[in-house]
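Heads up: the structure comes next, in structure tokens.
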Amino acid sequence: MNPFQPLPLYGREVAERYRHHQTGMLPPHIFAVASRAYHAMLGRRGVHRHQLAEACKCVIAPVSQDQYFVVDISGESGAGKTESTKLLLQHIMNLCKGNSQLEQQILQVNPLLEAFGNAQTVMNDNSSRFGKYIQLRFQNNTVRGAKLSEYLLEKSRVVQQDAGERNFHIFYYMFAGLSSEEKDMYGLLDPSLYRYISGWFGTQDVAQRWKHKYQEVCNALDMVGFQEQEQVDMQAILAGVLSLGNVTFEPEESNGSVKVSEASRGWLKAAAGQFGVQEDELLKCLICTMSVTRGEQIHRFHTQQQAEDARDSIAKVAYGRVFGWIVCKINELLAENVDPEVELGEIGILDIFGFENFAVNRFEQLCINLANEQLQHFFNHHIFQMEQAAYKEEELPWETITFNNNEPVLNLLLAKPLGLLSLLDEQSAFPQATDKTFVDKLNNTFKGNLHFQPGRGRVLGFSITHYAGKVQYAAEGFLEKNRDTLPANVHGLFINSITPLLSVLFTEMKLDKVIASGSSH
């Protein structure tokens, strides 16, 4: 059980006890997992992968080569996976002596990623809203580099949070940590004014804690190697995202289109300045779509809903590009600098969001729970199926272990062409399709499936019986989130931004290097 407070279980004295312990001599501990994985990667005798997993609830498996190991830290939302990941990294760096600049940079990655990728949910005040896979690369017993991969950033959180939840931490840290002069420079006003953070800031004690966290983020940016101008540009873009969220629309009486409301004209101007673009060009991206047919430009004006969707899409993609750029920058700075011919050992650490079942479950929860279904299947395959097959092959006596096979649920979700995600892609490709037509398609396709239940009453949704229990999903927004569309002229707008970082993020040449975080499944 996660106590949500520091315990005297992870200090230097405890770390030393687990540094060279023998298997089974000490109680299970995350430091034991780190130590055993590290020594197994080094090829030390007496360490076997079956012993590695006994130290805590995780799977440790070799990957293709003897010197490649992966630690999968599992658990439901709020179980303490992210904290365990930090402790695992900390102990591995201690085993490497932990004194080099590279090792310190690797440890500084976590507070940076938490600020931009974590948020408060009803289950957890510091919930990871993305998945990450960290690859530590070693030459002998020395870490020589690291690589980070991220998955499924919950971009929708930028523009919408449920009751009792917050936006990503970094927005609150900025308001608490920036000086008055810096807020003026970025055009930031009172935090209660911003719709994307719900006007919910917190008590004075909380603000003081956020101020300290902001300083940690700045220190981490400096330590990892981000330039001062890059940090300025990044915060200007975040300020622009907040200002953009306050832009509202109203009908244009003369031609039936929409216009920016008079009350929010100032927010449009602020967002344009923070993004480093022309105000009228940003306005065009919000209220109309431009296309070229036979050399002629055609402007199709948006409805109010379409204008609001365009606003939110721009905010989400801007934040997603910043997050992806941070990950790419980290990878550039932490890349190993060794001869390609040198064979490196590797320890991978997988930390993804845990299984979620909230009062309202959306597209994001389906993606998260699918990832957990796949991990559960991996666990079943390695721990139950492969081991029992080995016993049978070697003709060893054992009592057959039964387990709940979740393959039928994975087939329901992933089968082609009639799995849920294939049907979602199919519906997303039809301009006239709606969330209701998608749900109707599911109800017809999965009629009689034991793991699928249609929504009850007037609720537009459906339920799936996962390995961890039944989850009811609200289908509203599934198609829009899966399409993840961006107004066509936004790329051109931001490429020409006078904010250097924003221009880089939207330059086509750079897109293959920038992770389009949290796009479709």
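The values are calculated or read from the model by the stated rules, or taken from the named source; none is laboratory data. Owing to the predicted nature of the structure, the values given are computational and were not obtained by experimental measurement. In this analysis, Cβ positions are derived from the backbone assuming ideal geometry, glycine residues included, and neighbour counts consider all displayed protein chains.
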Practice task
Given the conditions (1) modelled with pLDDT of 95 or more; (2) over 18 Å from Gly320 (Cα atoms), report the number of the one that Phe116 does not fulfil.
Solution key: (2)
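Pick from Leu152, Leu88: which is farther than 14 Å from Gly354 by Cβ and touching a residue at least 12 places away in the same chain (Cβ under 8 Å)? If you could, list the steps in order and put the result at the bottom.
On the way: Leu152 fails: farther than 14 Å from Gly354 by Cβ.
Matching residue, one of Leu152, Leu88: Leu88.
Can you tell me which of Leu366, Leu460, Leu442 is surrounded by 13 or more Cβ atoms within 10 Å (Cβ to Cβ), aliphatic (A, V, I, L, M) and touching a His at 6+ places or on another chain (Cβ under 9 Å)? Give the steps one after another, and end with the answer.
Working: Leu460 fails: touching a His at 6+ places or on another chain (Cβ under 9 Å); Leu442 fails: touching a His at 6+ places or on another chain (Cβ under 9 Å).
Answer to the selection: Leu366.
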Practice task
Determine which single condition Val490 fails, assuming it passes every other condition in (1) crowded, with 17+ Cβ neighbours inside 10 Å; (2) modelled with pLDDT of 95 or more; (3) within 20 Å of Ala270 (Cα to Cα); (4) among the hydrophobic types (A, V, I, L, M, F, W, C).
Solution key: (2)
Fill in the blank from the handout: For the range 267-283, the count of residues that are in contact with a Phe, Trp or Tyr (Cβ under 8 Å, 6 or more places away or on another chain) and either of a type in the set (D, E, K, R) or not in a loop (DSSP other than H, G, I, E, B) (or both) equals 3
Practice task
Mind listing just one residue for me: the one in the range 101-142 that is among the small types (Gly, Ala, Ser) and not in a helix (DSSP H, G or I) and, of those, nearest to the chain's Cα centre (by Cα)?
Solution key: Gly131
Practice task
Can you run down the residue pairs with Cβ atoms below 9 Å, 6 or more apart or on separate chains, where the first is in the range 406-432 and free of Cβ contacts under 8 Å to residues at least 40 places away in the same chain and the partner is charged (D, E, K, R) and in a loop (DSSP other than H, G, I, E, B)?
Solution key: Ser422/Lys416
Handout entry: Criterion (without any contact (Cβ under 8 Å) to a residue 60 or more places away in the chain and among the hydrophobic types (A, V, I, L, M, F, W, C)) met by exactly one of Ile298, Ile330, Ile314, Ile352
Key = Ile298
Exercise for the section: Name every residue in the range 257-272 that is more than 16 Å from Tyr194 (Cβ to Cβ), surrounded by 17 or more Cβ atoms within 10 Å (Cβ to Cβ) and of a type outside the set (A, V, I, L, M, F, W, C), in order of residue number. Expected result: Ser257, Lys259
Exercise for the section: Considering (1) within 17 Å of Phe116 (Cα to Cα); (2) under 24 Å from the mean Cα position of the chain (by Cα); (3) surrounded by 18 or more Cβ atoms within 10 Å (Cβ to Cβ), say which one Leu178 fails and leave the rest. Expected result: (2)
Practice task
List the helices (runs of 4 or more DSSP H) that sit entirely inside the range 352-423 and contain at least 3 residues that are touching a helix residue (DSSP H, G or I) at 6+ places or on another chain (Cβ under 9 Å) and within 16 Å of Lys470 (Cα to Cα).
Solution key: 363-379, 407-414
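Select, from Val317, Val217, Val247, Val241, the only residue that is within 28 Å of the chain's Cα centre (by Cα) and farther than 30 Å from Arg483 by Cβ.
Values: Val317 fails: farther than 30 Å from Arg483 by Cβ; Val247 fails: farther than 30 Å from Arg483 by Cβ; Val241 fails: farther than 30 Å from Arg483 by Cβ.
On inspection, the qualifying residue turns out to be Val217.
Listed residues Asp162, Asp205; which is of a type in the set (Asp, Glu) and assigned to a helix (DSSP H, G or I)? Before the answer, list the steps.
On the way: Asp162 fails: assigned to a helix (DSSP H, G or I).
Being of a type in the set (Asp, Glu) and assigned to a helix (DSSP H, G or I) holds for just one of Asp162, Asp205, which is Asp205.
Take Lys447 and tell me if it is over 25 Å from Gln376 (Cβ atoms), assigned to a loop (DSSP other than H, G, I, E, B) and either among the hydrophobic types (A, V, I, L, M, F, W, C) or at pLDDT 95 or above (or both). Break it down stepwise before answering.
Values: over 25 Å from Gln376 (Cβ atoms): yes; assigned to a loop (DSSP other than H, G, I, E, B): yes; either among the hydrophobic types (A, V, I, L, M, F, W, C) or at pLDDT 95 or above (or both): yes.
Yes, satisfied.
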Practice task
Run Asn167 past the list (1) surrounded by fewer than 17 Cβ atoms within 10 Å (Cβ to Cβ); (2) modelled with pLDDT of 95 or more and report the number of the one that doesn't hold.
Solution key: (1)
Handout entry: Where a residue in the range 195-210 is at pLDDT 80 or above and its partner, wherever it lies, is of a type in the set (Val, Ile, Thr) and assigned to a helix (DSSP H, G or I), with Cβ under 8 Å and at least six apart
Key = Tyr196/Val158; Tyr196/Val241
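Of Gln67, Gln104, Gln108, Gln90, which residue is touching a helix residue (DSSP H, G or I) at 6+ places or on another chain (Cβ under 7 Å) and surrounded by fewer than 17 Cβ atoms within 10 Å (Cβ to Cβ)?
Working: Gln67 fails: surrounded by fewer than 17 Cβ atoms within 10 Å (Cβ to Cβ); Gln108 fails: surrounded by fewer than 17 Cβ atoms within 10 Å (Cβ to Cβ); Gln90 fails: surrounded by fewer than 17 Cβ atoms within 10 Å (Cβ to Cβ).
Exactly one of Gln67, Gln104, Gln108, Gln90 is touching a helix residue (DSSP H, G or I) at 6+ places or on another chain (Cβ under 7 Å) and surrounded by fewer than 17 Cβ atoms within 10 Å (Cβ to Cβ), namely Gln104.
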Practice task
Have a look at Leu396, Leu375, Leu421 and point out the one that is farther than 27 Å from Thr485 by Cα and under 21 Å from the mean Cα position of the chain (by Cα).
Solution key: Leu375
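Would you confirm whether or not the range 309-317 contains a residue that is assigned to a strand (DSSP E or B), of a type in the set (S, T, N, Q) and closer than 17 Å to Leu493 by Cβ?
Within the range 309-317, the first condition is being assigned to a strand (DSSP E or B), and the residues that meet it are none.
No, that holds for no residue.
Determine whether Gln297 is at pLDDT 95 or above, of a type outside the set (A, V, I, L, M, F, W, C) and surrounded by fewer than 17 Cβ atoms within 10 Å (Cβ to Cβ). Show your work before the answer.
On the way: at pLDDT 95 or above: no; of a type outside the set (A, V, I, L, M, F, W, C): yes; surrounded by fewer than 17 Cβ atoms within 10 Å (Cβ to Cβ): yes.
In short, no.
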Practice task
Please verify whether the range 192-211 includes one or more residues that are closer than 26 Å to Val247 by Cβ, among the acidic types (Asp, Glu) and surrounded by fewer than 19 Cβ atoms within 10 Å (Cβ to Cβ).
Solution key: no
Handout entry: Candidates Val327, Val409, Val338 - the one that is within 24 Å of the chain's Cα centre (by Cα), within 30 Å of Gln231 (Cα to Cα) and of a type in the set (Val, Ile, Thr)
Key = Val327
Fill in the blank from the handout: Per the list (1) of a type in the set (A, V, I, L, M, F, W, C); (2) surrounded by fewer than 18 Cβ atoms within 10 Å (Cβ to Cβ); (3) within 17 Å of Ala433 (Cβ to Cβ), residue check on Leu479 breaks on (2)
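Here are some residues: Ser254, Ser291, Ser264. Which one is outside any helix (DSSP H, G or I), hydroxyl-bearing (Ser, Thr, Tyr) and either out of contact with any strand residue (DSSP E or B) (no Cβ under 8 Å at 6 or more places or on another chain) or at pLDDT 95 or above (or both)? Reasoning before the result, please.
Numbers: Ser291 fails: either out of contact with any strand residue (DSSP E or B) (no Cβ under 8 Å at 6 or more places or on another chain) or at pLDDT 95 or above (or both); Ser264 fails: outside any helix (DSSP H, G or I).
Sole residue among the options that is outside any helix (DSSP H, G or I), hydroxyl-bearing (Ser, Thr, Tyr) and either out of contact with any strand residue (DSSP E or B) (no Cβ under 8 Å at 6 or more places or on another chain) or at pLDDT 95 or above (or both): Ser254.
For the range 137-151, name all the residues that are hydroxyl-bearing (Ser, Thr, Tyr) and either surrounded by 15 or more Cβ atoms within 10 Å (Cβ to Cβ) or within 12 Å of Val109 (Cβ to Cβ) (or both). Spell out the reasoning first.
Narrowing the range 137-151 to residues hydroxyl-bearing (Ser, Thr, Tyr): 142, 149, 151.
Within the range 137-151, Tyr151 is the sole residue that qualifies.
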